[in-house]
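First the structure, in the form of structure tokens, and then the observations on it.
The values are calculated or read from the model by the stated rules, or taken from the named source; none is laboratory data. Please read all numbers here as calculations on a predicted model, not as lab measurements. As a convention, Cβ positions derive from the backbone with ideal geometry for all residues, glycine included, and neighbour counts pool all protein chains shown. Calculation scope for accessible area: heavy atoms of the full protein, side chains included, ligands and nucleic acids excluded. Shrake-Rupley method; radii C 1.70, N 1.55, O 1.52, S 1.80 Å.
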Amino acid sequence: MSLAPGGTVSRFTSFALILLSLAACAPVDLASGPWPVSLDRPPEGMSPEAWVHGLAAHEQAQAAGLTDRSLVAIIDYSRPATERRLWVLDLATGEVLMHEHVAHAARTGGAWATSFSNAIGSYQSSLGTFITANSYLGVRGLSLRLRGIEPGVNDNALRRGIVIHGTPNVTEARARAGRQGRTEGCPAVPMESARQLVRLIEGGVVVFAWYPDRTFLARSSYLDHGQAAIRLSSSN
């Protein structure tokens, strides 16, 4: 530490120390990356099944010409609403770009999601593989339309108005209190993260929503039915 004439700390040094102390006390933004991740195993907190099937969904969407992006957003509805259960990953660089809270629908469950639907007016979340469409300014700010690409699983998403948007009912504080908000069907995120998320994944990015629902497992053609057990065992 340098001293000013007379043995006192200079004004510049004092100001710098104050800034350093404030920075040390500042909250860490857990929503925004990037952080490196091994593509051989799921990111911390994500179920292995969501990881394997999310990668398969992205691969199949690429093969079908539905996306040319290396990004994938995975929502793991097998985790409770009080946990951060939405990840945005760049598979080209091996990085987690965002890790955020996300709500499920009012009739999908309480703290834990249990019931899912593709039906209009169901007030339930949908599972499966989506492709992000255009963003727009709605009543909840910047929002992002989702196009469901799985017949009978989520292909009513556009007609249902299923979009990613921000809401004040989904926050870190509410999660800690065990009372995270729910929606009419949209995967809503905290208001402070919504714009960043929308801008990051708009325009043709795969969004994969996972839950081990029997009907979904039987109907979806975007899951890793053949190699899931092998890939899961090799990731452990």
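Structure values in brief
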{"item": "Any hit, the stretch 97-111, residues being of a type in the set (K, R) and part of a strand (DSSP E or B)", "result": "no"}
{"item": "Long-range neighbours under 6 Å by Cβ, at least six apart or interchain, first residue in a helix (DSSP H, G or I) within the stretch 214-236, second at pLDDT 50 or above and of a type in the set (D, E)", "result": "S235/D40"}
{"item": "Any hit, the stretch 33-50, residues being over 21 Å from G148 (Cβ atoms), at pLDDT 95 or above and hydrophobic (A, V, I, L, M, F, W, C)", "result": "yes"}
{"item": "One residue from A133, A119 being of a type in the set (G, A, S), under 26 Å from A56 (Cα atoms), out of contact with any strand residue (DSSP E or B) (no Cβ under 8 Å at 6 or more places or on another chain) and at pLDDT 95 or above", "result": "A119"}
{"item": "Residue in the stretch 148-161 that is surrounded by 23 or more Cβ atoms within 10 Å (Cβ to Cβ), in contact with a helix residue (DSSP H, G or I) (Cβ under 8 Å, 6 or more places away or on another chain), of a type in the set (A, V, I, L, M) and in a loop (DSSP other than H, G, I, E, B) present", "result": "yes"}
{"item": "Residues (open to solvent by 10 Å² or more (accessible area, probe 1.4 Å) and of a type in the set (S, T, N, Q)) located in the stretch 134-147", "result": "N134, S135"}
{"item": "Tally of residues being over 18 Å from the mean Cα position of the chain (by Cα) and in a strand (DSSP E or B) across the stretch 129-140", "result": "3"}
{"item": "Test: residue in the stretch 73-93 that is open to solvent by 10 Å² or more (accessible area, probe 1.4 Å), at pLDDT 95 or above, in a strand (DSSP E or B) and closer than 20 Å to V198 by Cα", "result": "yes"}
{"item": "Hits in the stretch 167-226 - residues which are β-branched (V, I, T) and open to solvent by 10 Å² or more (accessible area, probe 1.4 Å)", "result": "T167, T171, T183, T215"}
{"item": "Filtered residues of the stretch 100-133 (kept if under 19 Å from A175 (Cα atoms), polar (S, T, N, Q) and surrounded by fewer than 23 Cβ atoms within 10 Å (Cβ to Cβ))", "result": "T114"}
